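The values are calculated or read from the model by the stated rules, or taken from the named source; none is laboratory data. These figures come from a predicted structure and were not determined experimentally. For neighbour counting, all protein chains shown are included, and Cβ atoms are generated from backbone atoms with ideal geometry for every residue, glycine included. To get the accessible areas, we keep the full protein, side chains included, count just its heavy atoms, and leave off ligands, DNA and RNA. Shrake-Rupley method; radii C 1.70, N 1.55, O 1.52, S 1.80 Å.
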Amino acid sequence: MPAGPDTMRSYAVPAFRVGPLMSWGPLPPGTSHPERARTFDLQHQVVHVRFDWPRHAVVGSTTIRLAALDKPLTTIALDAVGMTMVRVSAPSGGKLRHDYDGNTLIVSLPGTLRAGARTTFTVDYESVRPKKGAYFIDRRHVVWTQSETEDTRYWVPTYDYPNDKTTWEFFIRTAKNEKALSNGRLVGAPRAIGDELEWHWSLEQPNSTYLMTAATGNYVVLQDKWRAKPVGYWTYADSVEATWRGMGKTPRMIDLFSARTGVDYPFAKYDQLNAPDYIFGGMENVTATTQADDGILHPASEEAHFNAEGLVAHELGHQWYGDYLTTRDWSHAWLNEGFATFMEQIWAEQGRSAVQGAVERRESHLATIAADRAARRPLVYDRWLTNPIELFYSNIYPKGADVLQMLRHQLGDSLFWRAMNRYTTAHAKGTVVSDDLRRAFEDVTGRDFKSFFAKWVYGAGLPVFQVTYGYDATAHALTLEAHEVQARDSLTGFFDPDVDVEILTDAGPVRATVSVRNGVGRASIPVSSEPRSIRWDNGDWLIDVTDFPRPTTMLAYQLAHDDDVTGRLEAIELLADRSDELVALRALAASARDTLVNVRESAVAALARQGSIPMAAEAILAATRDPDARVREKAASSLASVRTPDASSRARELATSDPSLLVQGAALATVARLEGPRALDVIRTALARDSWRDLSRRNAVRALAMIDSPEAGPMLTRFLASSVSRNTRVAAIESLVKQSKGHEGDVASTIVPLLDADDLFVRGAAATALGGLGQASTVSALQARRKIEAESRVVNLIDAALAILTR
């Protein structure tokens, strides 16, 4: 609907939104998993390992020292999956009887081990083509391991649960042109053994075994330092400049985190390794973080979109929270992941800019809200289906960070960081649960945090507000009234927060606090002149969903004058729903030229709702020339709403000549939307172009999904081959499904073989695609893969597909 002339509608207070503001998703499925009971204390583990490339095998020997806990033991049970046990022997060399069922190794001791007594034994083993744990990446001739949550057992027999901490050593064999990385310090120079080298790494501070790592390859090690401690960046010879760009601020981050926590970086060194085809963004292996190379290495032209500082800061934050202190069981995993996300936000705020910190805090809130809509659950939660890693695909990252930010805002930085220091030092080198954090904050502040933790940590959900205001011109007072209206049950009650508000007036800003109690908050705030704008939750420190009806003119003033980026972003979000009003459209068009990139980006996206109106079209076209690639990407996508020859021409220009591959991709999708089959020429050009992360090809594959042409399907099928990059293959699967109408059976037959692909992301995409295609004939293939699939992420996607196909 075109924007009409300025009318009184823009000055009126609208009604509350119709319907519930927030609906809770169901609790994530699964069964309860209490903390694992220990019978022994793993005290030291020595691992000798060689990676056999022709067989893709882990060939190893591990010597284990342990002590019985409170009961005598005659057998020891170790976690070990999919291995061949060659020999189990006592220190004297004599064989020890053992039983192995493919999942657990039971070692029979030569006698009874009394409580508190120690024993030692050695296990020689090998694992050929392990389903998890150790990954052989042929294209780079690199091996890396991934052990969280409980995948160490696929490449080292051990006690594989976080509630025990041990020291360990790794002796790793490599070819002479390769290097090996593991935890702790490198003991001497690598030792030559025949035509191989043996690298000896020793971790002398106890840690949980899911933090074990081993990686080998023809790496270049860039040397940096923090104070006297070595900091190393393991990378490829052709990626030195990009590695410095991605990792080079690590010493500054260490300095910041040491200062804020009051605990200097607690280990002897810190290495980061670029890993090809990695299956997560990064992993905080103690002293030796593994990072997905495509999350670190990017050309300078893509810095706006792919800045690696967040990933580097997150994994570094884990060295304190996750490694130095470790969750005692997986139900409290937010103490690892929420804390690392919080430290990432601290770097964004204090290492980059206050604006960036506020934006990331707001994005974290939005992610928490989305998680609760999908599956509301407490932060502390012990239910999963197949693997505890399922807990990591929920709210523990954003909400965990949000909870810490709320505590920080309540207490102020000085008191907050004193409490964090108490928590960190009191539990140094140990394992923790959520009440350990609560007690630390209570000890330092003298306050009772039981209610806070009951609501935000052990409870679920978040406050949902309806807010009204009134202004008394005679009394010069603004009244605010708020009601919590969220659905309440045994998991979610009233949150009763103290909420910051800010009123902008011609005489300046007025700030106050509204205390909500028993679900209701009322305040009368003196103001010298009529409010021009009113912010609820000023600064966006609280996780909440709020319906606060205000006139469009008030929101436009807020967008133009609020000095807080989160206030401007809130105004854009609300004005976007009113972009058929001239006041709103003018405000959005003006903010497309804001000084802050985040504001310009959001404004351009909002203008797409009225792209056919000349004012919006002009602003969108102008934004395609913004100096920041993030704004140009939004503008390139928004051109699809303009639908004029100028928009199509500009989209083609961006798709072929913009320096950012992300902008090119957004523009290519717009060309496909606007031109249909006539876009095939520019799509073919992109398909033939080699690029970083194969982005040009991937963008073109996604654009093909929008083309109604018989040529699209055969073109997409070419990109399912194993020689194609992971993300392009996944995009090809998804695009084929979108192109499948009328020939779903043929597409399903094409996708079924991909259930056995080497790459777990391709297998997962194939399973999801088969569920979407709805062909009962694929049930048997999904069931067959389900029986042998080890990756829980893929198992859950197969189960979801089967649920669709068999209902």
Summing -39500 (n - 2.57) over every DSSP H run of at least 4 residues in the chain and dividing by its residue count gives a helix-only mean residue ellipticity at 222 nm, to the nearest 500 deg cm²/dmol, of -11500 deg cm²/dmol
What do you get when you divide the Cα radius of gyration of the range 648-796 by 2.2 N^0.38 Å, with N the number of residues?
1.09
From the Cα gyration tensor of the range 372-472, with a ≥ b ≥ c the square roots of its eigenvalues, which class applies: rounded if a/c is under 1.5, or else prolate if a/b is larger than b/c, or else oblate?
oblate
Descending packing, highest mean Cβ count within 10 Å first, for 157-167, 185-195 is 157-167, 185-195
Going by the alpha-carbon gyration tensor, a ≥ b ≥ c the square roots of its eigenvalues, is the range 304-460 rounded (a/c under 1.5) or, if a/c is not under 1.5, prolate (a/b greater than b/c) versus oblate?
rounded
Compute the acute angle (0 to 90°) between the alpha-carbon long axis of helix 413-426 and the principal axis of greatest extent of the alpha-carbon atoms of the chain; round to the nearest 10°.
20 degrees
Would you please classify the overall shape of the range 339-429 from the alpha carbon gyration tensor, given that a ≥ b ≥ c denote the square roots of the eigenvalues, rounded means a/c under 1.5, and beyond that prolate means a/b larger than b/c while oblate covers the rest?
oblate
If each part is reduced to its alpha-carbon centroid, the range 90-139 and the range 562-630 end up apart, in Å, by 62 Å
Expressed in angstrom and rounded, the centroid-to-centroid distance over alpha carbons for the range 479-535 and the range 181-200 is 62 Å
What part of the accessible area of the range 1-79, given as a whole %, is carbon or sulfur when the probe is 1.4 angstrom?
63 percent
Scoring only Lys, Arg, Asp and Glu (+1, +1, -1, -1) among other residues with Cβ under 11 Å from the Cβ of Phe449 yields +1
Separation between the Asp690 and Ala175 pseudo-spin-labels, each 7 Å from Cα along Cα→Cβ, expressed in nm?
2.1 nm
Dipole magnitude of the chain, debye to nearest 20 (Cβ charges: Lys/Arg +1, Asp/Glu -1, about Cα centre):
1280 debye
Using all Cα-Cα distances in the chain, what percent lands in each 10 angstrom bin from 0 up to the longest?
2, 12, 19, 24, 22, 13, 6, 2, 0, 0
Stretch gain in nm, segment Gln350-Ala800, where the contour uses 0.36 nm per residue and the Cα spacing is subtracted
157.8 nm
Theoretical FRET efficiency, 1/(1+(r/R0)^6), r = Cβ-Cβ of Ser108 and Lys131, R0 22 Å, to 0.05:
0.20
Taking the mean number of other Cβ atoms within 10 Å as a proxy for protection, how do you rank 223-232, 711-720 from highest to lowest?
711-720, 223-232
Need the full-extension length gain, Leu366 to Thr595, defined as separation in residues times 0.36 nm minus the C-alpha distance. One decimal, nm.
80.1 nm
Local electrostatic count, Thr112, Cβ distance below 15 Å [Lys/Arg +1, Asp/Glu -1]
+3
Under Stokes-Einstein, the range 259-360 at 10 °C and 1.306 mPa s, with its Kirkwood radius over C-alpha pairs, diffuses with a coefficient in µm²/s of 111 µm²/s
Where only protein heavy atoms count, and the probe is 1.4 Å, what is the accessible area per residue for the range 96-213 in Å²?
38 Å²
Pairs of alpha-carbon atoms within less than 8 angstrom and 6+ residues apart define the contacts here; what relative contact order does the range 729-795 have, in percent?
34 percent
Using r as the Cβ-Cβ distance of Asp681 and Lys738, and R0 as 30 Å, what FRET efficiency do you calculate, to the nearest 0.05?
0.90
Of Lys249/Lys429; Lys132/Lys738; Lys179/Lys225; Lys176/Lys429, which sit over 24 Å apart, Cα to Cα?
Lys249/Lys429; Lys132/Lys738; Lys176/Lys429
List the lysines whose Cα sits under 22 Å from the Cα of Lys455, skipping any in the same chain fewer than 8 residues away.
Lys399
How many nm is it between the label spots at Asp708 and Met615, if each spot is 7 Å from the Cα in line with the beta carbon?
3.4 nm
Mean Cβ count within 10 Å, highest first, over the residues of peptides 98-108, 281-291, 554-564, 234-244:
281-291, 554-564, 234-244, 98-108
Taking the Cβ of Val88 as the centre, find all other residues whose Cβ is under 14 Å away and add up their charges (Lys, Arg: +1; Asp, Glu: -1).
0
Coordinate range along principal axes, alpha carbons of the range 1-122, Å, largest first
93, 45, 24
Between Asp124 and Ala507, 0.36 nm times their residue separation minus their Cα-Cα distance comes to what?
130.1 nm
Mean accessible surface per residue for the range 309-443, computed with a 1.4 Å probe while every protein chain stays in place, in Å²:
27 Å²
Alpha-carbon centroid distance for the pair the range 324-351 / the range 7-33, whole angstrom
29 Å
